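One structure is given below, encoded as structure tokens.
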Amino acid sequence: MAIWNLGSINIDHVYRLVHLPQPGETVPSQAYSVGLGGKGANQSVAAAQAGAMTHHLGAIGRDDEWVVDRLRAAGVCPADIQRLPGEVTGHAVILVDRDAENAIVIHPGANRAISAEDLRGALKRIKAQDTLLIQNETGCQIEAARIARATGARVIYSAAPFDIDAVRDVLPHVSVLAMNAGEAEQLFAALSGELPVEGLLITRGAEGAEYRDLRRGVTHRQPAFRVAPVDTTAAGDTFAGYFAAALDRGDTVADALRLAAAAAALKVTRPGASDAIPTLEEVLDFIRSQDA
């Protein structure tokens, strides 16, 4: 069993502010940092930290090899990351206020220029017992999902940033659709009838998360762990990566939800994105402390 993640890789430029700027307002930054991010990279790091063999499928520009080194150090296999001449590595400008809320601007760069031919070559190795993760921050999502489902692999699709046309196109090849509460509202408003997926994973921030098993008509709910948030960046990606890794190794949905909720809770107590995602040992220690 393994996780394969066709995912974005971004360089995060993080500015810490007293409050998020209003239109036309200039706000001084109290701190600045650069780190590894992108929904894809975050999910790969989370899955690897959760103990899954994780292969990242993505692309960067030629001058940012430190990004690959950072993924490798987190336990992610970076062998299938493409280096694209003439493209810049994707990057994000992230504003974080004193209440840990954020606003993000993304430039996709190499994430949207992934070679379909190279991707098909890498996915020849995916197996029926594996899991593919995809999000809305790269090219070739439909191609990757189609290949994975044809082998019998599970496909977990994070419908973010939300785009209803992208969702419609990829949905026939998806096993589990993952969204936050706002994205779920947009989806239900745009689509009627039964969804052609096995399950819906909906994260609700401080209200927890739920998994709707559409085959069995059962809903599993997991309350959020109460923590003092420092930075909510990558919380949803941490949840998705841990959830996928838990299912990949055969955990029940209920156990996967609990593990993922604990990982996300621990993540928001730390500043940063990929670099702040906790290890499995840290998450298990956190759960034990909550149970005590």
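Among Asp251, Asp118, Asp165, the largest mean-square fluctuation in a Gaussian network model of the chain, built with springs joining Cα atoms closer than 10 Å, belongs to Asp165. Fully extending the segment from His19 to Arg72 would add 15.6 nm, taking 0.36 nm per residue of separation and subtracting the current Cα-Cα distance.
Shape summary of the range 202-292, radius of gyration then Dmax from alpha carbon positions: 12.6, 39 Å. Taking amide H positions as modeled 1.01 Å from N, with prolines and chain starts lacking one, the residues under 5 Å from Trp4 and 5 or more places away or on another chain are His55, Thr131, Leu132, Leu133. Two decimals is fine: what is log10 I(q)/I(0) at q = 0.34 Å⁻¹ for the range 59-98, from a Debye sum with one equal scatterer on every Cα and no solvent? Summing over Cα pairs of the range 59-98 leads to -1.15. Computed from backbone phi, the HN-Hα couplings of the range 282-292 come to 5, 5, 5, 4, 5, 4, 4, 5, 6, 7, 5 Hz, rounded to whole numbers (Karplus: 6.51 cos²θ - 1.76 cosθ + 1.60, θ = phi - 60°; Gly and Pro given as x).
Per residue, the average separation of C-alpha pairs within less than 8 Å and at least 6 apart gives the range 150-292 a relative contact order of 17 percent.
The string of couplings for the range 252-262 from the Karplus curve (6.51, -1.76, 1.60, θ = phi - 60°) is 5, 4, 4, 5, 5, 5, 5, 4, 5, 5, 5 Hz, one whole number per residue in order, with x for Gly and Pro. The calculated Kirkwood hydrodynamic radius for the range 191-239 is 12.5 Å, given to one decimal from all distinct C-alpha pairs. A straight line joining the Cα centroids of the range 17-70 and the range 175-194 runs 26 Å. Per residue of the chain, the DSSP helices (runs of n ≥ 4 H) give a summed -39500 (n - 2.57) that works out to -10000 deg cm²/dmol at 222 nm. For the chain, a simple Cβ point-charge model (Lys and Arg +1, Asp and Glu -1, everything else neutral) yields a dipole of about 640 debye relative to the Cα centre. In the elastic network of the chain, a GNM with C-alpha springs shorter than 10 Å, the most mobile of Leu20, Leu57, Leu95 is Leu20. Between the residues Gly7, Ala128, Ile104, the greatest Cα displacement towards the positive end of the dipole of the chain, with unit charges on the Cβ of Lys, Arg, Asp and Glu, is found for Ala128.
Built from the Cα atoms of the range 109-265, the convex hull projects on average onto 9.6 nm², one quarter of its surface area. Within the range 1-150, the proportion of C-alpha pairs whose separation exceeds 27 Å stands at 27%. Rounded to the nearest 20 debye, the dipole size of the range 99-238 about its Cα centre is 700 debye, using +1 on the Cβ of Lys and Arg and -1 on the Cβ of Asp and Glu. Annotation note: GluC sites (Glu not before Pro) in the range 31-137 located in DSSP loop regions with a Cβ neighbour count of at most 15 within 10 Å are Glu101. Among Val68, Val96, Val27, the largest mean-square fluctuation in a Gaussian network model of the chain, built with springs joining Cα atoms closer than 10 Å, belongs to Val27.
Each reported figure results from applying straightforward, stated rules to the coordinates on display, with no laboratory input. These figures come from a predicted structure and were not determined experimentally. Here the Cβ is made from the backbone with ideal geometry for all residues, glycine too, and neighbour counts use every protein chain on show.
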